[in-house]
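Before any comments, here is the structure.
The values are calculated or read from the model by the stated rules, or taken from the named source; none is laboratory data. As the structure is a computational prediction, the values presented were derived from the model and not from experiment. When we count neighbours, we look across all protein chains shown, and the Cβ atoms used for this are built from the backbone with ideal geometry, even at glycine. Ligands, DNA and RNA are stripped out before the accessible areas are found, and what is left, the full protein with its side chains, is counted by its heavy atoms. Shrake-Rupley method; radii C 1.70, N 1.55, O 1.52, S 1.80 Å.
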Amino acid sequence: MKLYYHPLSGHAHRAHLFLSLAGLPHELKPVDLAAGEQKTAEFLKLNAFGEVPVLEDGGIIIPDSNAILVYAARKVGPSHWLPENAVTEAEVQRWLSVAAGKIAYGCCAARLVTVFGASFDTAEVIRRAHDTLKVIEQALKDRTWIAGTQEPTIADVALYSYIARAPEGNVDLSGYDAIAVWLHRVENLKGFVPLQKTVAGLETGCGQ
């Protein structure tokens, strides 16, 4: 397997993290986003949207981080990562949708402002981030893992990256005690790999 990624991309990280947690051998192929490599004709053959990550597995091409999680989980075979029980699988899908939507337009967008210079309304995206984090905090108060399972699923992987690095986007995680415990659980899983840190937002010690 080859994973086309960027070390500062949370979307790419969630794919990298799961491949590592699942013990699936893979090669990392860095994509130079600053130089526009993701918009070249060669890369657009892999993903017409010109985005990372993309997984190449033999002749199979899987763009999109959550699609990669599902594909890789099925490659592993029946496991706790993507349960086949209809109710649990639906719960996992619910949180994948949160990762693709509310996390992307909250925690992720706030970090894009400070790390990549994106021009979002800072106050708005930080507010969205906290609205989502409050729901996740409440869910995790009586759950070990976000889908209500006894072991982690790809839903935990999908949510982890941008929540863990939310302070880089000036999103304060203090007060989210259940989330803090959950982040620690993820970080203690065998095969865990961290998302590269940046000195931005609250991580500079001064915020914005």
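In region 113-129, which residue that is free of Cβ contacts under 8 Å to residues at least 12 places away in the same chain and of a type in the set (Gly, Ala, Ser) is nearest to Glu203 (Cα to Cα)?
Checked region 113-129; the qualifying residue nearest to Glu203 (Cα to Cα) is Gly117.
Out of all the residues in region 116-140, which are assigned to a helix (DSSP H, G or I) and in contact with a Leu (Cβ under 6 Å, 6 or more places away or on another chain)?
Scanning region 116-140 gives no hits.
For region 1-59, name all the residues that are of a type in the set (S, T, N, Q) and over 28 Å from Gly117 (Cβ atoms).
At the first step, the residues of region 1-59 found to be of a type in the set (S, T, N, Q) are 9, 20, 38, 40, 47.
Within region 1-59, just Ser20 meets the criteria.
Within region 141-183, track down each residue that is assigned to a helix (DSSP H, G or I), among the hydrophobic types (A, V, I, L, M, F, W, C) and open to solvent by less than 10 Å² (accessible area, probe 1.4 Å). Give the steps one after another, and end with the answer.
Kept after step one, since they are assigned to a helix (DSSP H, G or I), are these residues of region 141-183: 154-164, 166-169, 177-183.
Subsequent filtering for residues that are among the hydrophobic types (A, V, I, L, M, F, W, C) retains 154-155, 157-159, 163-164, 166, 178-183.
If the condition is that a residue be assigned to a helix (DSSP H, G or I), among the hydrophobic types (A, V, I, L, M, F, W, C) and open to solvent by less than 10 Å² (accessible area, probe 1.4 Å), then Ile154, Ala155, Val157, Ala158, Leu159, Ile163, Ala166, Ile179, Trp182 are the ones that fit.
Across region 109-122, what is the total count of residues that are under 19 Å from the mean Cα position of the chain (by Cα) and either among the charged types (D, E, K, R) or open to solvent by less than 10 Å² (accessible area, probe 1.4 Å) (or both)?
So in region 109-122, the residues under 19 Å from the mean Cα position of the chain (by Cα) come out as 109-116, 118.
Adding the requirement that they be either among the charged types (D, E, K, R) or open to solvent by less than 10 Å² (accessible area, probe 1.4 Å) (or both) leaves 109-111.
Residues in region 109-122 being under 19 Å from the mean Cα position of the chain (by Cα) and either among the charged types (D, E, K, R) or open to solvent by less than 10 Å² (accessible area, probe 1.4 Å) (or both): 3 in total.
Please report, ordered by residue number, the helices (runs of 4 or more DSSP H) entirely within region 1-104 with at least 2 residues that are out of contact with any strand residue (DSSP E or B) (no Cβ under 8 Å at 6 or more places or on another chain), open to solvent by less than 60 Å² (accessible area, probe 1.4 Å) and not β-branched (Val, Ile, Thr).
On the way: elements: 10-21, 41-44, 65-76, 86-98.
The helices (runs of 4 or more DSSP H) meeting that bar are 10-21, 65-76, 86-98.
When you look at Val199, is it within 21 Å of His6 (Cα to Cα) and touching a residue at least 40 places away in the same chain (Cβ under 8 Å), yes or no? Working first, answer last.
Details: within 21 Å of His6 (Cα to Cα): yes; touching a residue at least 40 places away in the same chain (Cβ under 8 Å): no.
Against the criterion (within 21 Å of His6 (Cα to Cα) and touching a residue at least 40 places away in the same chain (Cβ under 8 Å)), Val199 does not qualify.
Any idea how many residues of region 194-204 are assigned to a loop (DSSP other than H, G, I, E, B) and either over 16 Å from the mean Cα position of the chain (by Cα) or surrounded by 14 or more Cβ atoms within 10 Å (Cβ to Cβ) (or both)?
At the first step, the residues of region 194-204 found to be assigned to a loop (DSSP other than H, G, I, E, B) are 194-200.
Retained after the next criterion (residues that are either over 16 Å from the mean Cα position of the chain (by Cα) or surrounded by 14 or more Cβ atoms within 10 Å (Cβ to Cβ) (or both)): 195, 198-200.
Total satisfying the criteria: 4.
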